[in-house]
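These notes are about the structure you will find just below.
The values are calculated or read from the model by the stated rules, or taken from the named source; none is laboratory data. Remember, predicted model here, so these are calculated numbers, not experimental data. Ideal geometry is used to build each Cβ from the backbone, glycine not excepted, and the neighbour counts take in all protein chains shown. In case anyone asks, the SASA skips ligands and DNA or RNA and just uses the protein heavy atoms, side chains included. Shrake-Rupley method; radii C 1.70, N 1.55, O 1.52, S 1.80 Å.
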Amino acid sequence: MFDSTRIKLTAWYLTIIMTVSFFFSFVIYRGLMTEVDRISRMERFRLESYHFGYRMIKPAFLDPEVIGLVKKRITVTLVAVNGIILVFSGGLGYFLAGKTLRPIAEMVKEQNRFITDASHELRTPLTSIKTAVEVGLKDPKLDLANAKKIIKENLIEINKLKSLSDGLLQLAQMKSSHQIAKHVKIQVKKIIDAAVSRVAPIALEKNISIIRSAGNHEITGDFDSLVDMVVILLDNSIKYSFSKSKIKINARQEKRSLLLTVNDYGIGIDKSDIPHIFDRFYRAGSARKKIGSGGYGLGLSIAKKIAESHNATISISSKINKGTTATVVFHLT
Ligand SMILES: Nc1ncnc2c1ncn2[C@@H]1O[C@H](COP(=O)(O)OP(=O)(O)OP(=O)(O)O)[C@@H](O)[C@H]1O
Ligand SMILES: [Mg+2]
């Protein structure tokens, strides 16, 4: 599709350029021809005046063959100039059309990838719900207890689906509005407090304590998205840490930057996985196998988008079986 649209766009560029070029060539051609005819008429008149004795000095004789040759030369030159414009603007048009279309093509490709990934992820829980319901319906001896069990299992899958669709929606919304609209001054401490209270129940479930330390630093941004970002980082730390461990969350200023770090002593991430963890739907092998905690690998890609929309950078350093540190660097203005 990209190639055919590129050719079509080039054809449009060419049509416009060549129409202008032909128009001017025609005007130039007409002008020059009129001028040549006028000169040859004038010379003929002068010659006749000389022959009839009205003129003393004999004017130069303009051979009609030479005039014909001049006309031919003008025509050939104009045709050649148009040919050169055609070839040159064809090449340039093709190049420019490619440059114009590339970002659009990339966007379409990215959107298709997004849809494919999302449908692929949606298929697994949907298939498992469908199978469970079908098996239950076909079973003539299905009693209330077993029916309840099926419903309960399906509810787990439905909750997973809901969190997946929430994540996808958040990603799609962040994609469409790269820049977050609301940018107000916020105390980092308040962001941390709000995020910690949101993850408190799951931390409690695993007996994990969250230690926070933050001064009175302020950043500009959107409160809700920043809380979402910190929740994602804390959620990962809780999910990929062992019971009864600790998580530290800290905010400190370094020169003109504010560093927000979330530090855990969990399972860590393999070196080979680190370059991919911000990719959509990527889950490191260790996370999938060792803990088997639910998740779709969307958290960090959302966190990255939120950081980017705040002109901040996010990075993760980790050592397997030692722990992980996520760092968000905000540029203070
Ligand atoms: N603190 C951490 N400790 C160990 N591994 C981590 C940590 N944070 C991220 N990871 C690894 O990075 C992967 C991507 O993280 P991300 O938050 O994007 O997805 P997820 O947690 O698997 O799923 P979701 O966030 O969508 O529920 C995780 O699957 C895990 O392998
Ligand atoms: Mg996560």
Where the centre of each part is set by its Cα atoms, how far does the stretch 222-243 sit from the stretch 299-333, in angstrom?
11
With the cut-off at 32 Å, tell me which of the pairs Lys149/Lys319; Lys244/Lys304; Lys99/Lys160; Lys185/Lys246; Lys190/Lys305; Lys244/Lys271 have Cα atoms farther apart than that.
Lys149/Lys319; Lys99/Lys160
Under a crude label model (7 Å from the Cα following the beta-carbon direction), how far is Met1 from Met33 in nanometres?
4.8
Solvent-accessible area, 1.4 Å probe, carbon plus sulfur percent, for the chain:
63
Taking Lys130 as the anchor, which aspartates and glutamates have their alpha carbon closer than 17 Å to its alpha carbon, excluding any fewer than eight residues away along the same chain?
Glu121, Asp139, Glu153, Glu157
Suppose R0 equals 22 Å. What FRET efficiency, 1/(1 + (r/R0)^6) with r the Cβ-Cβ distance, do Phe223 and Ile202 give to the nearest 0.05?
0.55
For a protection proxy built on the mean count of beta-carbon atoms within 10 angstrom, sort 77-90, 136-149, 185-198 highest first, please.
185-198, 77-90, 136-149
What FRET efficiency, computed as 1/(1 + (r/R0)^6) with R0 = 51 Å and r the Cβ-Cβ distance, is obtained for Leu332 and Ala132, rounded to the nearest 0.05?
0.45
Please calculate how many Å² of accessible area the chain carries per residue, with a 1.4 Å probe and no DNA, RNA or ligand atoms counted.
64
Only Cα pairs within less than 10 Å get springs; with that Gaussian network setup on the chain, which residue of Arg46, Arg113, Arg102 has the largest fluctuation?
Arg46
Could you tell me which residue out of Leu126, Gly90, Ala251 lies farthest along the dipole of the chain toward its positive end? Charges go on the beta carbon: Lys and Arg +1, Asp and Glu -1, centred on the Cα centre.
Ala251
Taking the simple approach of a point 7 Å from Cα along Cα-to-Cβ for both Lys189 and Val87, what is their distance in nm?
7.4
Ser49 to Phe281: extension gain in nm, 0.36 nm per residue of separation minus the Cα-Cα distance?
74.1 nm
Gained length - Ala80 relative to Leu142, 0.36 nm times residue gap less alpha-carbon distance:
13.6 nm
Using a simple charge model, +1 on the beta-carbon of Lys and Arg, -1 on the beta-carbon of Asp and Glu, nothing else, what dipole does the stretch 63-170 show about its Cα centre, in debye to the nearest 20?
80
R0 of 25 Å, Cβ-Cβ distance Ser245-Ala172: FRET efficiency to nearest 0.05
0.15
With +1 on the Cβ of every Lys and Arg and -1 on the Cβ of every Asp and Glu, the dipole magnitude of the chain about its Cα centre, in debye rounded to the nearest 20, is 480
Theoretical gain in end-to-end length, Ile274 to Leu96 [0.36 nm per residue, Cα-Cα removed]
60.3 nm
